[in-house]
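The values are calculated or read from the model by the stated rules, or taken from the named source; none is laboratory data. Computed from a predicted model, the values in this text were never measured in an experiment. Here the Cβ positions follow ideal geometry from the backbone for every residue, glycine too, while neighbour counts run over all protein chains shown. Accessible surface areas use protein heavy atoms only, side chains included; no ligands, DNA or RNA. Shrake-Rupley method; radii C 1.70, N 1.55, O 1.52, S 1.80 Å.
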Amino acid sequence: MQKAIIGKKIGMTQIFDANGKVIPVTVVEAGPCVVSQKKTVESDGYNAVQVGFGDLKANKVNKPMKGHFAKGDVAPKKTLREFRFENIDAYNVGDLIKADVFAAGDKVDVTGTSKGKGYAGVIKRWNFHRLKETHGSGPVARHGGSNGACSSPSRVFPGMKMAGHLGAERVTVQNLTVAKIDAENNLIAVKGAIPGPNGGIVVIRDSVKA
């Protein structure tokens with residue numbers, strides 16, 4: 001059965017394995033999530049399950065979403081994600097997905113939104129080198145330099161590495177290992193670092209490389 005769960009990044013810590021070796025882990029508050037909708041090839045053209053995470057007050061939900069949750073007879077949820085699975089027979093609307101859907105040793109992919117760093121220059125954003133600050137280079141040591149294409153074609157090509165918005169984008173880290181599961185407290189410890197700030201929403205699912 002293909003598996004996935006939505007969670008909230010708590011932070012990093014370290015645990016010890018059976019041999020006393022230190023393992024750096026990221027702790028995720030994973031679920032409990034509820035299946036709020038099933039999509040099938042017959043009705044929607046593809047197989048998928050929609051999963052909700054995080055309770056939401058009824059007065060915070062607009063009318064279309066109230067109808068959506070009422071149709072599935074599930075409580076309003078703050079975060080909704082859709083997972084495309086080849087086979088969704090094991091899932092039904094209203095089912096709970098908890099942290100113990102995964103087990104220690106499982107290989108997973110973790111998707112989150114990276115920290116936003118605002119408007120950044122080319123050195124921070126693209127790892128450009130500085131100019132030397134001698135022999136008349138002027139006050140442009142951290143500038144990007146020339147980016148034109150002469151009189152023909154008289155424009156800057158798309159994709160040119162320049163200063164601009166950095167971070168706050170979707171990032172997926174693949175083939176991570178689940179180090180420990182605490183089903184009682186809905187916690188999953190994943191070996192290594194995952195994207196996003198503490199408190200950010202992340203998605204954990206089976207690794208495509210596994």
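Some observations on this one:
- Residue in region 8-44 that is least open to solvent (accessible area, probe 1.4 Å), counting only those that are over 14 Å from PHE83 (Cα atoms) and assigned to a loop (DSSP other than H, G, I, E, B): GLY31
- Test for LEU80: is it of a type in the set (A, V, I, L, M), over 17 Å from THR111 (Cβ atoms) and open to solvent by less than 70 Å² (accessible area, probe 1.4 Å): no
- Residue within region 111-128 that is within 30 Å of VAL203 (Cβ to Cβ), among the aliphatic types (A, V, I, L, M) and either part of a loop (DSSP other than H, G, I, E, B) or within 36 Å of the chain's Cα centre (by Cα) (or both) present: yes
- Taken together, GLY116, GLY144 contain a single residue that is in contact with a Leu (Cβ under 9 Å, 6 or more places away or on another chain), modelled with pLDDT under 95 and not basic (Lys, Arg), which is GLY116.
- Scanning region 48-60 for residues that are at pLDDT below 90 and either under 12 Å from VAL34 (Cβ atoms) or surrounded by 15 or more Cβ atoms within 10 Å (Cβ to Cβ) (or both) yields a total of 3.
- Residues in region 150-172 that are assigned to a strand (DSSP E or B) and hydrophobic (A, V, I, L, M, F, W, C): LEU166, VAL171.
- Yes/no for ALA90 being surrounded by fewer than 14 Cβ atoms within 10 Å (Cβ to Cβ), touching a strand residue (DSSP E or B) at 6+ places or on another chain (Cβ under 9 Å) and not acidic (Asp, Glu): no
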